[in-house]
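Notes follow the structure.
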Amino acid sequence: MSQLGLNMTADDLPPRGRRRREPSEGGGSARRPLMLALLALVVIVLAVVVAIRSLGTTVNDFTGEGTGSVSIVVAKGDSIRAIGRTLADAGVVASEDAFVNAADSDARAQGIAPGTYELRSAMSGAAAVTLLLDPQARQINKVAIPEGWRLSRTLAAAAKSTGLSVDALRESLIRAPSLGLPAYANGKVEGFLFPATYEFSPDASADGVISAMLTRFNQSASQLDLEKASAAVGLTPMQALTVASILEIEALPADYDKVARVIYNRLKAGMPLQMDSTVNYALGKANLRLTAEQLKTVSLYNTYLHKGLPPGPINSPGDAAIAAALNPADGTWLYFVATDPSSKTTEFATTYKEFLVLKRKFQASGG
């Protein structure tokens, strides 16, 4: 057994449960300088961060309205930051943030539309926002197609306005079934390039132009419920569209529904339609009067020689003509005559005798 401590008295022993403090454990007074140093360091770091952030709020930006001309494209779905990046890359603005900051200050910037814009080099962010909101800066090619235009005329107008060639547009017609042409068109595009005013960007493709016109037709057909409504009058959608195309040429809008009834009455009676408009289409002409020889033109579109409707539309009809073809007026008429072209008066007859009276009125008016 060890003899260590056997000779110690009670006063020599350390207190029970307590440890003797070493000289090196000097307490809080030794740690205080270290804590003060750490606190000072934190303050310095925070000051540096604030200073850096303060410097970061100053973005690189041009001043003024800029010079020259720069064409840029805002794609569909582009965010404000994406537009800013496009502008900065093109040298329109000094930095992406210059545009973003200016856009954040103008609530209208959220309405910047997709398209091609004519801007300038070295513009301030604010000036770029303002110009992008100016309709005059947006480069668009407008194509206006009136009701009753034939396919050939529509393609020529589209080519002239967009800079595309007619040949390129005709090549797109081959792909029409994949561009929105309804199945009931059987691949025929005449009548389906809807009459409306279209806007195309400078880089529009031929397929894009044709697709836009077919899409617009499908919208109209859906609104008019063309397929169901044509069945209600005993026609296919193609036949209803054919009737509408005849109305566009043969009648005034106020008389569309009455002329539609004449067409249906003649079809029901087994009478040829005898419409000059369909013969003109076969001839590729647009004459008000046809000669006896022209009326003998060999074509399925010659409704003097063939009973029933022609094989398809002879132009692109609009909403009013299509609606009239689907909703003909009530009546027993079999004839109609523009008795006074100068006043745009059209009269209707049920019998051939009545028709002859109207014909004489037409002749007397100088027709």
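Just so it is clear, none of the values below were taken in a lab; they were calculated from the coordinates. Here the structure is a predicted model, which is why all the values come from computation and not from measurement. Positions of Cβ are backbone-derived with ideal geometry, glycine not excepted, and every protein chain shown enters the neighbour counts.
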Extension gain (nm, one decimal) between A90 and H306, 0.36 nm per residue minus Cα-Cα = 71.5 nm
Percentage relative contact order, the chain, counting C-alpha pairs under 8 Å, at least six apart = 12
Prolate/oblate/rounded label for the stretch 250-367 (Cα gyration tensor, a/c 1.5) | rounded
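Determine the gain in length on full extension of the stretch D104-L41; use 0.36 nm per residue of separation and subtract their C-alpha separation, reporting nm with one decimal.
Values: separation 63, 0.36 × 63 = 22.68 nm, distance 3.70 nm.
Full-extension gain reported as 19.0 nm.
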Largest fluctuation, V70, V209, V259 only, Gaussian network model of the chain with Cα springs under 10 angstrom, belongs to V70
Between rounded, prolate and oblate, where does the stretch 67-138 land on the alpha carbon gyration tensor, with a ≥ b ≥ c its root eigenvalues, rounded for a/c under 1.5, else prolate if a/b exceeds b/c?
-> rounded
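When N is the residue count of the chain, what does its C-alpha Rg come to as a fraction of 2.2 N^0.38 Å? Mind showing how you got there, number by number?
Values: Rg = 41.2 Å, N = 367, 2.2 N^0.38 = 20.7 Å.
Relative to the 2.2 N^0.38 Å estimate, the chain comes out at 1.98.
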One computes Rg over Rh for the stretch 141-223 from alpha-carbon atoms, with the Kirkwood Rh, and obtains 0.92
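Applying 1/(1 + (r/R0)^6) with R0 = 51 Å to the Cβ-Cβ distance of E118 and T291, what FRET efficiency is obtained, to the nearest 0.05?
Once the sixth-power term is evaluated, E becomes 0.45.
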How far apart, in nm, are two points set 7 Å out from the Cα along the Cα-to-Cβ line at A329 and at T67?
-> 6.8
Obtain the nm distance between the two label points defined at N186 and L356 by a simple spin-label model: each point lies 7 Å from its Cα along the Cα-to-C-beta direction.
-> 3.9
Could you give the distance between the Cα centres of the stretch 82-117 and the stretch 198-241, to the whole Å?
-> 36
Here the gain from full extension of N60 to S79, 0.36 nm per residue of separation minus their alpha-carbon distance, amounts to 4.8 nm
Obtain the nm distance between the two label points defined at A232 and Q274 by a simple spin-label model: each point lies 7 Å from its Cα along the Cα-to-C-beta direction.
-> 3.2
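Between L283 and D225, take the C-beta separation as r, use R0 = 41 Å, and let me know the FRET efficiency to the nearest 0.05. It would help to have the intermediate numbers written out before the result.
Details: r = 35 Å, r/R0 = 0.84.
The formula returns an efficiency of 0.75 here.
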Relative contact order of the stretch 141-223, defined on C-alpha pairs under 8 angstrom at six or more residues apart (%) = 39
